[in-house]
Structures are given as C-alpha cells and as structure tokens.
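Undergrad: Have a look at the structure that comes next, please.
The values are calculated or read from the model by the stated rules, or taken from the named source; none is laboratory data. Predicted model only: the values in this text are computed from it and were never measured. Cβ placement follows ideal geometry from the backbone for every residue including glycine, while neighbour counts extend to all protein chains displayed. Remember, those area values only see protein heavy atoms, side chains included, never the ligands or the DNA or RNA. Shrake-Rupley method; radii C 1.70, N 1.55, O 1.52, S 1.80 Å.
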Amino acid sequence: MAREETRTPTSTTARTPAVPEARERPGARDARGWRTRLIVVGIVLAAVNLRPAITSLGALLEEVRDGLGMSGSVAGLLTSVPPLCFAVFGVTAPRLARRFGAGAVVCAGMVAIAAGLLIRPYAGGTAAFLATSALALMGIAVSNVLMPVIVKRWFPDRVGTMTGLYSMALALGTATAAAVTVPLTGALGGNWQSGLAVWAGLAAAAVLPWIPFVRTRGGSPDGQALARDSNAPAAAAAPALRVTRSRTAWALAVFFGLQATAAYITMGWMAQIFRDAGVPAGTAGLLLAVTMVMGVPLAFVIPRLATRLPHQGPIVLVLGASGLVGYAGLYLAPAAGAWAWAVLLGVANCAFPLALTMVGMRARSSAGVTQLSAFAQSTGYLISIPGPLLVGVLYQHSGGWGLPIALMAGLMIPQMIAGILAGRDRTIEEEATPA
C-alpha cells in the first residue's frame, strides 16, 4: 500500500497539534469508528446491488422476450437501456450530492432499485417493462457515480483497497444473479416474473445502512467526512476544473465506454450465444456466472496492483488480450470450449474495476474525482449505448453470431489504446485547471 500512501497528500490533521483531539467530546472517536464501519457495510451492499437488475434479465432474456412478445431488435434495445440510463441519470449525481448529500442520494438510489425490480415483472407490456427498468437503473446510475467519490472522501489513503472491495462486491452480486436466477425461477414455479422480482429484496436490504447518513443538505454522507478529507481545503480553494479540456479525462471516458460496451453485450447476450450453440439454459446461466465471478478475486487484486504502478497500460493490454482470445474462441467453438471462453471474457471484463481505480488516481481531490467520475461515466455510457442494440440488429438480420462477435472483438482494439492513454501518470488538474 506504499504506493497509495505516497499519492495522498499529508492530511491537515497530521500537521496540527493534538489539542483538538484533547477537546474532542467523549465518545466522538467511537462514533466516527462506528460510522466508518457502517459506511463500509453500506458500500459493499450497494455494490452488490448494482448489476443483478441486468444479469438476472440476461439469464431469462429468452423467457422475457417470449412473455412480452419482443423481437430481436427490441431485445437489443432492452440491453441498451442500462448504459442509456447510466449516461442520462449519472450526470445528475454530483448536483444531487451537493444539494442532498451523497449518502442521501445513494440511499434513494437503493430505494429506486428495489421499487423498480419489484414492479417491472408485473407492469405488463414492453413499454412498462422498459419504464420500470429505467427506475431501477436510475438508482444504479447515481450510485455508480458516487461510489468512487465516497471512497475518496472516507478512505483517501486506501483508494485501491476500498475500490477493490467495492468492485469485488459488485462482481459477486453480478455473478450471483447470473448463476442462480434460472434455478431460482424453477424453484418458484417456473414463473419468470417471480425470478426477476426476487432481487428487489436484496436491494431493500441495502437501504438500511445508508439511512444514518441521510442529510437534507450537504455534499458528504457524514458531517465529519469533509473534515477528514485530506484534500478538502485544497479542493475548496482550487479553481473549477474544465474537465472537457483534459485529454486524460477523454481517454478515460472512451476506455470506460468501450469496456462498458463489452460488459453489457456480455451480460445481455452471452447466455443467449451459448444457448444458440446448443448449451442448456441452466448451463448457459452458469457460464455467464463464471464470466462474472472472475471479477470477484481480480476486482480486489487489480485496483491494488494498479495503485502500485506508475502506468496502468500493461494491465490494460493483458485484459484486452484475454478478451480477443475469448471472442475468437466464442466464434470458432462456442460450445466445445465454453468454459474457457467464459473465463477469458471474465478476465477481460475486469477492465471495469481498473477504470474505477483510475478515476480515483487521475484526480488529486474529492472535487476533482466527483467531476471526473461524472464525466467519464456519463460520457462513457453514452458511448456504450449503440453496442448492445447493434448486436441485436446484427443477430436478427444475419441469422447468426459471426458478425456480432466480430464487432465485439473489433471494439477491443480502441479500448486498449484508450486505456493505455488513460493509464499515464498524470492528473486532470494538470490539464484542466484554467490559467
């Protein structure tokens, strides 16, 4: 962790005498420790709920299509809704956090996820299904943007470790939903509505740890958070950043967008690719789960490794090469080597925790991370919108998976280039601060 510590400026608390500590109210230190432990629980539970809305649908996409009478193109539109919602609603997260507090926004996000997941299977019709999905995805979008911000504020000297923990929990939730949705649906009577709605309970549980951090106003989840943010004084005094002038910010946004394209194509279509190759539905769900579960250990290792390297380009290249081999195998022998391709594509999908880590590393202050996170994620998700939809169109009109898989592999090249550029050892403050 030495690399992480050297990147974080010495906090003002370390340079001041111990007098304020002596005047601290009895029990204040215990209260801060309790709040810190609770915020860790909140981060983990929130992260677990950021993908089941998507991967549970991917596992039952054929049943949902049949139940709602969707064509392949409409199903492609359905798989494009997540990045669209993340782009549209994610950009509002910083403004909402400044007004209501990050904790309140994340708490409301978990409520929106629970409500959307509970209502959407029973809303009736494709339009209502899309609208209620958008409600859940709105909650995911604001939480996506604010997680790196909360990590930077509460754990400025442990960005890699906490990002790894958060990413690992996210991957665990993603894989669990992919693996158990089909058998769970069978246990609930084979009704796909029940198989999707059950995930609302997990989101409802994630609301609870955020309730103590709800504030009507303010920009942090806890009144002490800004005081403990070692970068807060500098952030308050620094001029506003023009993020769009930063080449690093643009590179990170493109990298984020292309890895999101690959991830949502995988989550939305990979189980169907295996099913069309003759793999049983339950096994196809398990293969998707294997792809997702690869992110559990790697999502903890990659951020820690990234914070120790001056340039994250080598990690980008390894992940990209895994994706290229996985797509080649998926094209040549989708059923025969299914488990190997699932593992390789799971490794490639770990570009997501790497992108989150670089968001925290490419800005010096919490304010900079907030701006960069909103810009990179919103712009990135806008970039990713056409991918899943185009896959659906190509699949329907070509009658096979050759062209869609070629598209997925082709997008991996610019993703690797953008990731190398985003991984250079610099910050957006060096490029985007007005003269």
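Undergrad: Tell me which of these Ile119 doesn't satisfy, since it passes every other one: (1) in contact (Cβ under 8 Å) with a residue 40 or more places away in the chain; (2) part of a helix (DSSP H, G or I); (3) of a type outside the set (Asp, Glu).
TA: With (1) in contact (Cβ under 8 Å) with a residue 40 or more places away in the chain; (2) part of a helix (DSSP H, G or I); (3) of a type outside the set (Asp, Glu) applied to Ile119, the lone miss is (1).
Undergrad: So, one more: Which one is farthest from Leu258 (Cα to Cα), of the residues in segment 320-347 that are open to solvent by less than 10 Å² (accessible area, probe 1.4 Å) and among the aliphatic types (A, V, I, L, M)?
TA: Ala338
Undergrad: What's the number of the condition Ala169 fails, among (1) modelled with pLDDT of 85 or more; (2) of a type outside the set (S, T, N, Q); (3) over 12 Å from the mean Cα position of the chain (by Cα); (4) within 23 Å of Gly257 (Cα to Cα)?
TA: That leaves (3) as the condition not met.
Undergrad: Here is a list: Arg98, Arg65. Which entry is in contact with a helix residue (DSSP H, G or I) (Cβ under 7 Å, 6 or more places away or on another chain), basic (Lys, Arg) and open to solvent by 10 Å² or more (accessible area, probe 1.4 Å)?
TA: Arg65
Undergrad: Any idea which of (1) open to solvent by 10 Å² or more (accessible area, probe 1.4 Å); (2) modelled with pLDDT of 75 or more; (3) farther than 16 Å from Ile265 by Cβ is the one Val74 doesn't satisfy?
TA: With respect to (1) open to solvent by 10 Å² or more (accessible area, probe 1.4 Å); (2) modelled with pLDDT of 75 or more; (3) farther than 16 Å from Ile265 by Cβ, Val74 is out only on (2).
Undergrad: Which condition does Ser167 not pass, out of (1) of a type in the set (Ser, Thr, Tyr); (2) surrounded by 21 or more Cβ atoms within 10 Å (Cβ to Cβ); (3) in contact with an Asp or Glu (Cβ under 8 Å, 6 or more places away or on another chain), if it passes all the others?
TA: Result: Ser167 passes all but (3).
Undergrad: Just the residues that are open to solvent by 20 Å² or more (accessible area, probe 1.4 Å) and at pLDDT 90 or above, please, taken from segment 238-257.
TA: Step one: of segment 238-257, the residues open to solvent by 20 Å² or more (accessible area, probe 1.4 Å) are 238-242, 244-245, 247, 250, 254.
Selection gives Arg247, Trp250, Val254.
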